[in-house]
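Participant: The structure that follows is given in the form of structure tokens.
The values are calculated or read from the model by the stated rules, or taken from the named source; none is laboratory data. All values reported here derive from a predicted model rather than from experimental measurement. So basically every Cβ, Gly included, is an ideal-geometry build from the backbone, and we count neighbours across all protein chains shown. With ligands, DNA and RNA removed, areas are computed over all heavy atoms of the protein, side chains included. Shrake-Rupley method; radii C 1.70, N 1.55, O 1.52, S 1.80 Å.
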Amino acid sequence: MNTVEKKKLHDLKISGSGTSGGGQFDEVKISGSGKIAGDVDCREMKISGSGTVAGDVKAGVIKTSGSSTIEGNTKAENISTSGSSKYNGSVMAAEMNISGSSKITGDLIVEKFKVSGSCKVGGKLQGGLIKASGSLKVGQDCEVETFSSSGSVHIDGLLNADNVQIEINHESSIKEIGGEKISVTHHNSNRLIKQVVNFFLQKEDYLFSDLIEGDEVYLENTKAKLVRGKNVVISEHCDIDTVEYSGSIDVHKESRIRNKVKI
């Protein structure tokens, strides 16, 4: 942003229906139906209508509450979405909050990420603190420091984090999980309603995984092929093919393990 700060820049505002070229701006505001044809470098971008940027975006702050599309890559300090947003490239941000619906075609690299709405990442997700209470889908690996979810999570690759805390509210799937401390628990509110909904949707409140590996592992409502750890607790409603442990193991009477191996 050094080039932006060296000279005084004007604002770009589209309140009706219009098209503008790209460039360097102070504030970019679209409250109608607007399109920017080119790259944008600005201090702040606000979209409350329907906005499209046909290029890359570099900004201090991005706020969207309408429908927005960025065709290129996005770099920002802070991104906040309460509407519908689509990023057809990769996104890099210090902090990103999603309470609406977002789709990122490429990779997402973010230090602090909070999802209370819906987010789909086509590539990989890398970052520090991830907190998802809505719906999160990741097409490749997810490598973060702390991962916490209490909604629906689907990761097609490896979830690797120091601390993994997953609360099962909806059917979830993670191909592989690796970490120091891994905890999977089940939320029991509205049990009757959830059972009826799940019956008609043919879904189950379980976490499905091929491999779960950590030092300290605690599992509820989990169906996995292999669980490997030092100290392992298999609590209620689990179905595990094989458990490999080097320290201690505790298995609930309502769970099933086909093979237990001390390593």
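Participant: Mind telling me which of the residues GLY60, GLY83, GLY34 ends up being open to solvent by less than 10 Å² (accessible area, probe 1.4 Å) and more than 15 Å from PHE113 (Cα to Cα)? Walk me through how you get there before you give the answer.
Facilitator: On the way: GLY60 fails: open to solvent by less than 10 Å² (accessible area, probe 1.4 Å); GLY83 fails: open to solvent by less than 10 Å² (accessible area, probe 1.4 Å).
Only one candidate passes the filter, namely GLY34.
Participant: Modelled with pLDDT of 95 or more and among the small types (Gly, Ala, Ser): is that true of GLY151 in this structure?
Facilitator: On the way: modelled with pLDDT of 95 or more: no; among the small types (Gly, Ala, Ser): yes.
Spelling it out, it is not the case that GLY151 is modelled with pLDDT of 95 or more and among the small types (Gly, Ala, Ser).
Participant: Just to be sure I understand, how many residues within segment 78-97 are assigned to a loop (DSSP other than H, G, I, E, B) and under 17 Å from ILE30 (Cα atoms)?
Facilitator: Our first condition is that a residue be assigned to a loop (DSSP other than H, G, I, E, B); within segment 78-97, this holds for 82-83, 88-90.
Restricting the remaining residues to those that are under 17 Å from ILE30 (Cα atoms) gives 82-83.
Total meeting the criteria: 2.
Participant: When you go through LYS46, LYS58, LYS75, LYS63 one by one, which is the residue that is under 26 Å from the mean Cα position of the chain (by Cα), part of a strand (DSSP E or B) and either more than 22 Å from ASN97 (Cβ to Cβ) or in contact (Cβ under 8 Å) with a residue 24 or more places away in the chain (or both)? Walk me through it before giving the result.
Facilitator: Working: LYS46 fails: either more than 22 Å from ASN97 (Cβ to Cβ) or in contact (Cβ under 8 Å) with a residue 24 or more places away in the chain (or both); LYS75 fails: either more than 22 Å from ASN97 (Cβ to Cβ) or in contact (Cβ under 8 Å) with a residue 24 or more places away in the chain (or both); LYS63 fails: either more than 22 Å from ASN97 (Cβ to Cβ) or in contact (Cβ under 8 Å) with a residue 24 or more places away in the chain (or both).
Selected residue: LYS58, the only one of LYS46, LYS58, LYS75, LYS63 that is under 26 Å from the mean Cα position of the chain (by Cα), part of a strand (DSSP E or B) and either more than 22 Å from ASN97 (Cβ to Cβ) or in contact (Cβ under 8 Å) with a residue 24 or more places away in the chain (or both).
Participant: A further question follows. Is there a residue being under 30 Å from ALA94 (Cβ atoms), at pLDDT 95 or above and of a type in the set (S, T, N, Q) anywhere in segment 195-209?
Facilitator: There is no residue in segment 195-209 that is under 30 Å from ALA94 (Cβ atoms), at pLDDT 95 or above and of a type in the set (S, T, N, Q).
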